[in-house]
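Worksheet for the structure shown next.
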Amino acid sequence: MSDDSVMNPELVINHKFPEVTHTYGERDVALYALGIGACAKDALDDKELKYVYHEDGQQSIKVFPTFAALFSIGLTSQLSQLPGFAFDPRLLLHGQQYIEIYKPLPTNCLMQNKSSIVGLHDKGKAAILEIEVVSYEKETGEPLCMNRTTVYLRGAVGFSKSSQPYSFTKYPRDQTSSKTPKTQPFVVHEECTQPAQALLYRLSGDYNPLHSDPKIAEVAGFSRPILHGLCTLGFAVRAIIKTICNGDANLVKAISGRFLLHVYPGETLITEMWLQGLRVLYQTKVKERNRAVLAGFVDLNQLRSSSL
Ligand SMILES: CCC/C=C/C(=O)SCCNC(=O)CCNC(=O)[C@H](O)C(C)(C)COP(=O)([O-])OP(=O)([O-])OC[C@H]1O[C@@H](n2cnc3c(N)ncnc32)[C@H](O)[C@@H]1OP(=O)([O-])[O-]
């Protein structure tokens, strides 16, 4: 008999998720783009209007690459049903996100998602769980993108059976790591989030009350609801596409981000960027608190000479 209040790592890492189908359309795509601040400062912005409106009609609205991260959200909200996995969902934080884009995402799609556990680590004061979701176009079977989501579970502790902390990984560790340079950034982009940013962003599918309910936010240790990590990531990648990619989102091949600190909706985000070959290293800071909140990289297929 299993005890639901105790973590059973072997049960967790051997769990097989059923394949699920997921569908989205142009309304989801446009709502998401507004949620990550597209056109918030300028409704005529020619580098961003294409993500919310297109003169050729709804079917031609372009999909922002970080929209891909939404395909992993449904799974994280079901973690409380994962066998052998004991944690307090109110203390869950998004730790990292890694996304690979295999082809530009279509405006409408019926897709098949295959998910698996690719990491579980005992960090003493927290557990870290990593889930990979590969998304395929259902009709053609072609792969569209891959998401690897790292969740940081405060208080889920003590499941190592030996003196070595439990650590299971199924992918190359150096794939997502990056170091923020100490040199002057190549470009800096500043943008305000709106006080209602999380209330708008949640409509894209992450309804965790941590982002909307003051009482739940307090239980989780915050003075008020915090912004979704993926919303902050969307702001950072938008800054990179706008400045370094000259608005061309199709240049983006892979995205990696580690959430270092929470963001309160309404705070100002400053994204610093460094170019290393085809890799853009970036760090996002909250201006009001002068603290780094997100760091990572974006890999590009090529560089546009007009943006350099
Ligand atoms: C998912 C869907 C739900 C969405 C929810 C949200 O959006 S929530 C809103 C968005 N999310 C947020 O707002 C979260 C913002 N981030 C935070 O508040 C903090 O970074 C923290 C509480 C996650 C960890 O802080 P801390 O002081 O407790 O940590 P520490 O420095 O003492 O390191 C302990 C160990 O953990 C490792 N490790 C550390 N950080 C990360 C990470 N991010 N990622 C992965 N791993 C991480 C670190 O390497 C170390 O291991 P090592 O090296 O010893 O083997």
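The values are calculated or read from the model by the stated rules, or taken from the named source; none is laboratory data. A quick note: this is a predicted structure, and the numbers were derived from the prediction, not measured. Every residue, glycine among them, receives a Cβ derived from its backbone with ideal geometry; neighbour counts consider all protein chains shown.
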Please determine, by comparing only the residues of region 63-80 that are modelled with pLDDT of 90 or more and polar (S, T, N, Q), which one is farthest from the ligand (Cβ to nearest atom).
Thr66
I'd like the residue in region 81-115 that is among the small types (Gly, Ala, Ser) and within 16 Å of the ligand (Cβ to nearest atom) and, out of all such residues, is farthest from Val63 (Cα to Cα).
Gly95
Would you please name the residue that is farthest from the ligand (Cβ to nearest atom), looking only at residues in region 151-170 that are out of contact with any Leu (no Cβ under 6 Å at 6 or more places or on another chain) and under 18 Å from Asn14 (Cα atoms)?
Lys161
Would you check which residues across region 170-204 are without any contact (Cβ under 8 Å) to a residue 12 or more places away in the chain and either assigned to a helix (DSSP H, G or I) or more than 22 Å from Ile99 (Cα to Cα) (or both) and list them?
Arg173, Asp174, Lys182, Gln184
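Test Ala217 against the criterion of being over 24 Å from Gly296 (Cα atoms) and either within 13 Å of the ligand (Cβ to nearest atom) or of a type in the set (S, T, N, Q) (or both), and give yes or no.
So Ala217 fits the description; yes.
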Taking Leu261 as the residue in question, decide whether it is surrounded by 16 or more Cβ atoms within 10 Å (Cβ to Cβ) and within 15 Å of the chain's Cα centre (by Cα).
no
Have a look at Ile99, Ile73, Ile61 and point out the one that is surrounded by 15 or more Cβ atoms within 10 Å (Cβ to Cβ), in contact with a strand residue (DSSP E or B) (Cβ under 7 Å, 6 or more places away or on another chain) and in contact (Cβ under 8 Å) with a residue 40 or more places away in the chain.
Ile99
Take the conditions touching a residue at least 12 places away in the same chain (Cβ under 8 Å) and either more than 19 Å from the chain's Cα centre (by Cα) or more than 16 Å from the ligand (Cβ to nearest atom) (or both) and apply them to Leu300. Does it pass?
yes
For Lys138, are the conditions met, namely being touching a residue at least 24 places away in the same chain (Cβ under 8 Å) and within 11 Å of the ligand (Cβ to nearest atom)?
no
Within region 189-209, residues buried (at least 22 other Cβ atoms within 10 Å of the Cβ) and either among the acidic types (Asp, Glu) or near the ligand (Cβ under 10 Å from one of its atoms) (or both) come out as Ala198, Tyr201, Asp206
Tell me which residues, restricted to region 267-303, are closer than 16 Å to Pro181 by Cβ and among the hydroxyl-bearing types (Ser, Thr, Tyr).
Thr271, Tyr282, Thr284
Lone unmet requirement of (1) farther than 25 Å from Arg258 by Cα; (2) among the small types (Gly, Ala, Ser); (3) part of a loop (DSSP other than H, G, I, E, B) for Gly37:
(1)
When region 40-58 is checked residue by residue, the ones that are in contact (Cβ under 8 Å) with a residue 12 or more places away in the chain, surrounded by 18 or more Cβ atoms within 10 Å (Cβ to Cβ) and assigned to a helix (DSSP H, G or I) are Lys50, Tyr51
Return yes when Asp213 is without any contact (Cβ under 8 Å) to a residue 60 or more places away in the chain and more than 17 Å from His262 (Cα to Cα) and no when it is not.
no
Of the listed residues (Val237, Val263), the one being within 16 Å of the ligand (Cβ to nearest atom) and within 16 Å of Ala38 (Cβ to Cβ) is Val237
Report whether or not Thr150 is part of a loop (DSSP other than H, G, I, E, B) and of a type in the set (Ser, Thr, Tyr).
no
